[in-house]
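Report on the following structure.
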Amino acid sequence: MDFYKARVVYGEQGVETVEYAPYSMRNINSLQVVENDTIVYDYKCTDRSRLNALVAQKGNCDDIIIVKHGLLTDTSFTNLAIYDGKHWVTPKHPLLHGTKRAELLDKRIIREADITLEDLRNTNKISLFNAMIEFGEMEVTIENVHF
């Protein structure tokens, strides 16, 4: 089955463009922790330059985990949750409050909490998810997270 993503760009007058493109899921097996206390990405926008600057620090890893003020937020394109041994926990203060994240919280599949680097070090795995990636479909083990 083929999947497509829709991209809707809004401007001052409303919808400016609507684009459709085939979607293929990235293969993410490793993550680099990157710290930045000034990054803001409250809404999806076409200017991803600040995120791209952080992604440039990923080294040999496939993507990054962004840490702001000592707390986990997101990756460069997904929300995340860690498994604490009993529950899946997602950052209380993500950069982007995604729609899939909201759905998982509403269904009580994940819980919110402040997640520190120490919490990350003590987990076994991380689930990455967004509107196109189902929860549990993409997981990275802690051995593949670089601090």
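The values are calculated or read from the model by the stated rules, or taken from the named source; none is laboratory data. Because the structure is predicted, anything quoted here is derived from the model rather than measured. A quick note on method: Cβ atoms are made from the backbone with ideal geometry, for glycine too, and the neighbour counts reach across all protein chains shown. Side chains included, ligands, DNA and RNA excluded: accessible areas come from the protein's heavy atoms. Shrake-Rupley method; radii C 1.70, N 1.55, O 1.52, S 1.80 Å.
So for the chain, averaging the separation of alpha carbon pairs under 8 Å that are six or more residues apart and normalising by length, what relative contact order in percent results? Please report the intermediate quantities before stating the final value.
Numbers: 272 pairs, mean separation 31.5, N = 147.
So the answer I get is 21 percent.
Within the accessible area of region 16-144, the carbon and sulfur atoms contribute 46%, probe 1.4 Å, all protein chains present. The eigenvalues of the Cα gyration tensor, multiplied by 5 and square-rooted, give region 1-70 an equivalent ellipsoid with semi-axes of 27, 20, 8 Å from largest to smallest.
Estimated at the nearest 10 Å², the accessible area of PHE3 is 110 Å² with a 1.4 Å probe. The listed residues SER49, SER76, once ranked by accessible area (1.4 Å probe) with the largest placed first, stand as SER49, SER76. Kirkwood hydrodynamic radius computed over the chain comes to 16.0 Å, based on all pairs of distinct alpha carbons.
Within the shell of other residues whose beta carbon sits under 14 angstrom from the beta carbon of PHE135, the net charge comes to +1, with Lys and Arg scored +1 and Asp and Glu -1. Straightening the chain between TYR20 and LEU105 buys 27.8 nm, computed as 0.36 nm per residue apart minus the Cα-Cα spacing. The residues of the chain present an accessible area of 62 Å² per residue when probed at 1.4 Å with all protein chains retained. For region 108-113, 3J(HN,Hα) computed residue by residue from phi via the Karplus equation (6.51, -1.76, 1.60; θ = phi - 60°) reads 6, 7, 10, 10, 8, 6 Hz, glycine and proline entered as x. This model, with +1 at the C-beta of Lys and Arg and -1 at the C-beta of Asp and Glu, gives the chain a dipole about its Cα centre of some 140 debye. Once backbone amide H atoms are built at 1.01 Å from N, LYS125 has TYR83, ILE142 as its partners under 5 Å, excluding neighbours fewer than 5 places away on the same chain. Backbone amide hydrogens, once placed in the peptide plane, bring GLU35 within less than 5 Å of VAL67, excluding anything fewer than 5 places away on its chain.
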